[in-house]
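Accompanying notes for the structure given below.
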Amino acid sequence: MKTVPSVLEIAPGVHCLRQHKGGRVHAFLLDDGHEMTLIDTLFDTNGGLVLDTIQRINQSVSNLKHIVLTHGHRSHLGGLAALKHLSGATVYAHEWEADIIAGERKAQGVTLRPIHPLHTWWQVYPLQLGLTLGLKPHPPCPVDCLVADGDKIGPIQVLHTPGHSPGHLAFHWPERSVLFAGDAIATWPALGPGWPAFNLNPQQHKASLSRMARLDMHVVAVGHGEPITSGGAECVYKIAANA
């Protein structure tokens, strides 16, 4: 059986970290040659895969300067508190997600009705149930810096892309032609505009997809499932057109 590596460089300086837990959740460690930026923190609470990756690329955890969060759902927040403690990195999020990340408010629940295609709903439904019931909460961590559309963190530009959640963020690294779409797009268990049951505002979500489709990108990194490593712009355009 072919083994899929847990870490893969999908563009120069862009390391893709993957876990089976949390719905094939992914995080992304960026190295621009000066400092490191981490997008999301996986499901596990010890940050172990992130720390192993930092060591593997001959870096020090003290050079992790930025931890940016796409949104306040459990799958993406697991290692946040541990990594903040070990690195001292600045933690960034949108203001509408910050109190969830800090543990002051539970993330907004979603419908308990299975609305995914029949051949895939059972794969996502346990996460749907866990979010609504608040199961296995993440270790809370305060957000240091609130960010908004148009801000820049390290090498990436911030895009406010509401729909999946009110403060959902995506990020664009134009020099490397990479879009970090968060949960606005998923490739697991199937390619599409995120997980339908989790998108709180379909109209906003569609508008966010249309905006992302106008960006220059080759690679599309997503929160759940493998990244799209070729033809990213065409793929996002098709998803937005059919959303």
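The values are calculated or read from the model by the stated rules, or taken from the named source; none is laboratory data. The shown structure was predicted, so the numbers you read here are calculated from the model rather than taken from an experiment. Here the Cβ is made from the backbone with ideal geometry for all residues, glycine too, and neighbour counts use every protein chain on show.
The figures follow:
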| item | result |
| --- | --- |
| Output for the range 176-220, where each listed residue is of a type in the set (A, V, I, L, M), outside any loop (DSSP other than H, G, I, E, B) and in contact with a Leu (Cβ under 7 Å, 6 or more places away or on another chain) | Leu179, Met212, Val220 |
| Residue, farthest from the chain's Cα centre (by Cα), within the range 202-229, restricted to residues that are under 25 Å from Trp122 (Cβ atoms) and without any contact (Cβ under 8 Å) to a residue 60 or more places away in the chain | Pro202 |
| Thr120 over 16 Å from the mean Cα position of the chain (by Cα), surrounded by 14 or more Cβ atoms within 10 Å (Cβ to Cβ) and either of a type in the set (Ser, Thr, Tyr) or within 23 Å of Ser208 (Cα to Cα) (or both) | yes |
| Qualifying residue in the range 56-68 (condition: touching a Ser or Thr at 6+ places or on another chain (Cβ under 7 Å), crowded, with 21+ Cβ neighbours inside 10 Å, modelled with pLDDT of 95 or more and closer than 21 Å to Asn199 by Cα) | yes |
| Total residues in the range 228-243, condition surrounded by fewer than 23 Cβ atoms within 10 Å (Cβ to Cβ) and not in a helix (DSSP H, G or I) | 4 |
| The range 178-197, subset in contact (Cβ under 8 Å) with a residue 40 or more places away in the chain and buried (at least 24 other Cβ atoms within 10 Å of the Cβ), residue farthest from Leu30 (Cα to Cα) | Trp195 |
| Those residues of the range 147-175 which are β-branched (Val, Ile, Thr) and either out of contact with any strand residue (DSSP E or B) (no Cβ under 7 Å at 6 or more places or on another chain) or assigned to a strand (DSSP E or B) (or both), in sequence order | Ile153, Ile156, Val158 |
| Test for Gly232: is it in contact (Cβ under 8 Å) with a residue 40 or more places away in the chain, in contact with an Asp or Glu (Cβ under 8 Å, 6 or more places away or on another chain) and more than 17 Å from His66 (Cβ to Cβ) | no |
| Filter pass, Gly72 being among the small types (Gly, Ala, Ser), in a loop (DSSP other than H, G, I, E, B) and either touching a residue at least 12 places away in the same chain (Cβ under 8 Å) or surrounded by 15 or more Cβ atoms within 10 Å (Cβ to Cβ) (or both) | yes |
